[in-house]
Amino acid sequence: MQARNRSKSNSLLSAYSADLGQMISRQRAETALRAAAIESAMASRAKSEFLANMSHELRTPLNAIIGFGELIEQLAREKRSAGTPRQYAGYISHAGRHRLEVVNDILNISEIESGNFSLNLERLDLREIVGTSALLAQRRVEQKKQTLDVHIPEDLPRVLGDDLRLKQIFINLLSNASKFTGEGGRLCVAAQLDGPDSVAVAVGDTGCGMTQEEIRRALEPFTQIRSTYSRNEEGTGLGLPIAKALILRHGGKLHITSQPNVGTTVTFTLPAAAEEQSTAPQRRSP
């Protein structure tokens, strides 16, 4: 009798355990579905905000191109040349360059996300890469009366990378640093050996900085961080996600440290290139 009761109790316990397990599984599945739905909604909202912003970014320079083009045409018909056509041509050139940058950013992130992307790897001098990139970013830096310091040791080994893509990384990071830094601020690029097979690079600024949540959002494509310094600036907000994707494709890692009203430092690694082996024949000693 006791054995029968014990068996019955064990059966009930097993049934309760099975029901409890199924209930827990259903709750976990429902939680996962809710999380996925929230994530999907956030991604959709981010893309909607991005597309709305891109509508402005594309239409504004296009309207400027059309407007100033028509004005120059009208001045030419009326044979008026008070020195303004040259100035208007400058506006057209600036608007055209900005529109090209917007389109290039969209195409770059689309290419990277689609996987149809390859690197042309070669041994490169990091000092030359940073020097060229700094020159291309110099116009924005000078306009805001900022200073840019570069500290890269002469004996730093070459890195293994794609010349065009590495320049794109540095231009994006320097442009972001300048964009989020006020007038008279400081920017810095530094590099050092990080173990036998890696080079560490840091791009820092004394700008507005970010919270941890803002860092997370800044690394996501189609998401923009609004700030005092960037509110009136042009751009797609894709500079940092593109730089991160390119760094990862090179086999590197990226880390951001930032503090509001203090500044931001983006640190990343690149693979160091192996030393070239001499192909000259070795002379044997007699």
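One residue stands out among those in the range 93-132 that are small (Gly, Ala, Ser) and modelled with pLDDT under 75: the one that is surrounded by the most Cβ atoms within 10 Å (Cβ to Cβ), which is 95. Pairing residues of the range 116-131 that are within 16 Å of residue 273 (Cβ to Cβ) with residues that are open to solvent by 90 Å² or more (accessible area, probe 1.4 Å), at Cβ distances under 8 Å and at least 6 apart in sequence or on separate chains, gives 119/249; 120/164; 123/158; 123/276; 124/158; 125/158; 126/158; 127/154. All of (1) within 21 Å of residue 206 (Cβ to Cβ); (2) touching a helix residue (DSSP H, G or I) at 6+ places or on another chain (Cβ under 9 Å); (3) crowded, with 17+ Cβ neighbours inside 10 Å hold for residue 180 with one exception: (2).
Examine the range 150-157 for a residue that is in contact with a helix residue (DSSP H, G or I) (Cβ under 7 Å, 6 or more places away or on another chain) and either polar (S, T, N, Q) or not in a loop (DSSP other than H, G, I, E, B) (or both), and state whether such a residue exists.
Yes, some residue in the range 150-157 is in contact with a helix residue (DSSP H, G or I) (Cβ under 7 Å, 6 or more places away or on another chain) and either polar (S, T, N, Q) or not in a loop (DSSP other than H, G, I, E, B) (or both).
Hey, can you tell me all the residues within the range 150-172 that are free of Cβ contacts under 8 Å to residues at least 60 places away in the same chain, within 20 Å of the chain's Cα centre (by Cα) and either open to solvent by 40 Å² or more (accessible area, probe 1.4 Å) or more than 17 Å from residue 192 (Cβ to Cβ) (or both)?
Residues satisfying the conditions are 163, 164, 167, 171.
Looking at the range 133-149, which of the residues that are part of a helix (DSSP H, G or I) and open to solvent by less than 30 Å² (accessible area, probe 1.4 Å) is farthest from residue 201 (Cα to Cα)? Don't jump to the end; show me each part of the working.
First, pick out the residues of the range 133-149 that are part of a helix (DSSP H, G or I): 133-143.
Going one step further and asking which of them are open to solvent by less than 30 Å² (accessible area, probe 1.4 Å), we end up with 133-134, 137, 141.
Numbers: 133: 14, 134: 14, 137: 17, 141: 20 Å.
The qualifying residue farthest from residue 201 (Cα to Cα) is 141.
Residue-wise test of (1) open to solvent by 20 Å² or more (accessible area, probe 1.4 Å); (2) in contact with a Ser or Thr (Cβ under 6 Å, 6 or more places away or on another chain); (3) of a type in the set (Gly, Ala, Ser); (4) closer than 16 Å to residue 256 by Cα.
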residue: 190; (1), (2), (3), (4): yes, no, yes, yes
residue: 193; (1), (2), (3), (4): yes, no, no, no
residue: 198; (1), (2), (3), (4): yes, yes, yes, no
residue: 201; (1), (2), (3), (4): no, no, no, yes
residue: 209; (1), (2), (3), (4): no, yes, yes, yes
residue: 213; (1), (2), (3), (4): yes, no, no, yes
residue: 216; (1), (2), (3), (4): yes, no, no, yes
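A search for C-beta distances below 6 Å between a residue of the range 235-254 that is within 15 Å of residue 198 (Cβ to Cβ) and any residue that is open to solvent by 20 Å² or more (accessible area, probe 1.4 Å) and at pLDDT 90 or above, counting only pairs 6+ apart in sequence or on different chains, returns 247/254; 251/271; 252/269; 253/269; 254/244.
The values are calculated or read from the model by the stated rules, or taken from the named source; none is laboratory data. Just so it is clear, the model here is predicted, and its values are computed rather than measured. When we count neighbours, we look across all protein chains shown, and the Cβ atoms used for this are built from the backbone with ideal geometry, even at glycine. Just the protein is used for accessible areas: all its heavy atoms, side chains included, with ligands, DNA and RNA removed. Shrake-Rupley method; radii C 1.70, N 1.55, O 1.52, S 1.80 Å.
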